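S.K.: Sharing a structure, written as structure tokens. Questions coming.
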Amino acid sequence: MLYVGCEGESTEPDYLKYLQNRFGNGEATGQPFLIHTVKKKNGLKPEEVVEAVKARAAEDEAWALFDRDQHTKIPQAVAEAAATGVEVCFSHPSFDLWLLLHFQPFGGAQSGSSELVHDKLRAAHPAFKNFDKRNDKSVKGQREEALEDKADKAITHAKMLLAQCEYGACKATQAKIVPPRQRYDDEVAAPPSPKPPERWAARSGHAPGCPVLDRDPSTDVWRLLVSLGITEG
């Protein structure tokens, strides 16, 4: 059982529901899991995501999904996550990049804007042709089907972004993964102890000295899928 806090009101919760429905019973992976989604109408700011999911999870495993967008307190959100042991899935410019990576690679700094990501996502598959139009950012029905069997491709593309990071010392092999067995063994590992923010942010595979706001573009969502046992990555 794990708790996942979401910045967005629909896209991330829909995606997590898809993961739960498709893989949660463990039939496909041999590793059952139960995701409790923490969200709020009209969304949450990154620092609020961390606070909300930690409050709900208590001592259980907790993850926070939030975006670069134009938020101003992302370093504070990472620091709070590091202090409380909340795993971070940061996406720059947004979670929507993770959806796009299911279909194609991506590159080039976006400075917090998702405009190009959305343009490419709409063109990548007919199911997404109206994504982010008329406030439709859902991931349901045909959009779920479009993502099927593409997780490994998305992870490959996300790792490519790590390797291309301008900092120059970021590698997917440096990422820290929560072992899936911790969720169903009789003996569950204790929550991680507090870490310096730069070390905690480095669990994504980025080097400790790589500033979070400079990871443009990037997404850490792949760590969640590997940790759930959905794919070996």
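The values are calculated or read from the model by the stated rules, or taken from the named source; none is laboratory data. Everything numeric in this text was worked out from a predicted model, so none of it was measured. With ideal geometry, Cβ positions are generated from the backbone for all residues, glycine too; neighbour counts draw on all protein chains shown. Keep in mind that these areas ignore ligands, DNA and RNA; they rest on the heavy atoms of the full protein, side chains included. Shrake-Rupley method; radii C 1.70, N 1.55, O 1.52, S 1.80 Å.
S.K.: Measure off, as a whole percent, the carbon and sulfur share of the 1.4 Å-probe accessible area of the chain, all protein chains present.
M.R.: Answer for the chain is 47 percent, counting heavy atoms of protein chains only.
S.K.: Which value at 222 nm does the chain reach when only helices count, each DSSP H run of 4 or more adding -39,500 (n - 2.57), with the total divided by all residues and rounded to the nearest 500 deg cm²/dmol?
M.R.: Rounded to the nearest 500, it is -10000 deg cm²/dmol.
S.K.: While we're looking at this one, here's another question. Antiparallel versus total DSSP beta bridges in the chain: what percent is that, nearest 5?
M.R.: Antiparallel: roughly 20 percent of the beta bridges in the chain.
S.K.: Using Cα pairs under 8 angstrom and six or more residues apart, how large is the relative contact order of region 23-150, in percent?
M.R.: The normalised contact order for region 23-150 reaches 16 percent.
S.K.: Could you please report the charge total around Leu213, scoring K, R as +1 and D, E as -1 over all other residues with beta-carbon less than 13 angstrom from its beta-carbon?
M.R.: That works out to -3.
S.K.: Taking the Cα centre of the chain as origin, work out the dipole magnitude from +1 charges on Lys and Arg Cβ and -1 charges on Asp and Glu Cβ, in debye rounded to 20.
M.R.: Here the chain has a charge dipole of around 320 debye.
S.K.: Using 21 Å as the Cα-Cα cut-off, could you pick out the over-long pairs in Lys133/Lys153; Lys17/Lys39; Lys137/Lys176; Lys41/Lys159; Lys159/Lys195?
M.R.: In this structure, Lys133/Lys153; Lys137/Lys176; Lys41/Lys159; Lys159/Lys195 lie more than 21 Å apart at Cα.
S.K.: Within region 46-148, list the trypsin sites (Lys or Arg not before Pro) lying in a DSSP loop whose Cβ has at most 12 other Cβ atoms in a 10 Å radius.
M.R.: Qualifying residues, ordered by number: Lys129, Arg134.
S.K.: Heavy-atom accessible area per residue, region 1-55, 1.4 Å probe: how many Å²?
M.R.: Solvent-accessible surface per residue comes out at 47 Å².
S.K.: Distance check, please: which entries in Lys45/Lys120; Lys120/Lys140; Lys40/Lys140 exceed 21 angstrom between their Cα atoms?
M.R.: Too far apart for the 21 Å limit: Lys45/Lys120.
S.K.: Can you give the alpha-carbon Rg of the chain over 2.2 N^0.38 Å, where N counts its residues?
M.R.: 0.93
S.K.: If you take the C-alpha gyration tensor of region 116-170, multiply each eigenvalue by 5 and take the square root, what semi-axes do you get, largest first, in whole Å?
M.R.: Over the Cα atoms of region 116-170, the semi-axes work out to 26, 15, 8 Å.
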